[in-house]
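Undergrad: Dropping the structure in here first, questions after.
Values in this text are rule-based calculations from the coordinates and carry no lab data. Keep in mind it's a predicted model, so treat the numbers as computed, not measured. Using ideal geometry, Cβ is built from the backbone for each residue, glycine included, and neighbour counts are taken over all protein chains shown.
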Ligand code: HEM
């Protein structure tokens with residue numbers, strides 16, 4: 001693989017990863033937080049000791065922030081600085097601040113490596129001749145987000 005191709009593949013996978021984490025954050029409400037003191041935020045009062053769930057799933061689909069929020073469009077990140085490392089509050093699938101996921105650097109490298117290896121090593125088709133637009137994207141909510149119907153993809157040796 002030449003260096004230019006490697007760089008292009010890396011960038012594309014980075015956009016795909018961000019878009020996937022925007023639409024399908026694996027931890028949709030982060031981990032429950034607790035307010036240490038009473039705070040006022042956007043004219044709402046959060047009382048001391050309240051349990052706070054941050055709905056990153058809804059934040060990723062907020063039409064006041066994202067254009068065509070329910071469409072999968074990795075190219076939206078082509079001209080954008082936004083990343084997932086806790087600096088841009090519109091996209092915080094790993095949380096932000098002092099309780100940000102400590103596994104972020106490992107997850108970041110591993111997801112890139114796994115996805116790039118799978119795409120580079122195999123061609124893929126859907127099981128039972130399913131068309132991409134017919135994939136059931138319904139989700140099951142819990143601490144972690146799952147697909148209701150698991151994806152069945154068949155690797156074909158290149
Ligand atoms: C794509 C993969 C991953 C995602 C999306 C993810 C997401 C998250 C999120 C949203 C939180 C809660 C942050 C908050 O409430 O502000 C969290 C916490 C945590 N994650 Fe991850 N994580 C991933 C991978 C990993 C890996 C690979 C490890 C360890 C090797 C890890 C270890 C932890 C730990 C220990 C915490 C608790 C931190 C604390 O509460 O202080 N995570 N993660």
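Undergrad: Multiplying the sequence separation of residue 145 and residue 123 by 0.36 nm and subtracting their Cα-Cα distance, what value in nm do you get?
TA: Gain in length upon complete extension: 5.3 nm.
Undergrad: Taking a point 7 angstrom from the Cα of residue 53 along the C-beta vector, which residues in region 72-97 have backbone N less than 14 Å away?
TA: Counting only backbone N, you get no residues.
Undergrad: Given labels modelled 7 Å from the Cα in the Cβ direction, how far is it in nm from residue 87 to residue 99?
TA: Here the answer is 2.4 nm between the modelled labels.
Undergrad: Additional query: With everything on Cα atoms, drop me the angle between helix 104-121 and the longest principal axis of the chain, reported from 0 to 90° to the nearest 10.
TA: Once rounded, one gets 20 degrees.
Undergrad: Next question. Helix 3-23 sits at what angle to the longest principal axis of the chain, using alpha carbons and giving 0 to 90 degrees rounded to 10?
TA: 50 degrees
Undergrad: Only helical DSSP H runs with n ≥ 4 go in: add -39500 (n - 2.57) per run for the chain, normalise by residue count and round the 222 nm mean residue ellipticity to 500 deg cm²/dmol. All intermediate terms of the calculation are to be shown ahead of the outcome.
TA: Numbers: 3 runs with 43 residues, N = 158.
Helices in the chain give a 222 nm mean residue ellipticity of -9000 deg cm²/dmol.
Undergrad: Obtain the nm distance between the two label points defined at residue 44 and residue 115 by a simple spin-label model: each point lies 7 Å from its Cα along the Cα-to-C-beta direction.
TA: Going by the 7 Å Cα→Cβ label model, 3.0 nm.
Undergrad: Would you give the gap between the C-alpha center of region 105-158 and the C-alpha center of region 9-51, rounded to a whole Å?
TA: 24 Å
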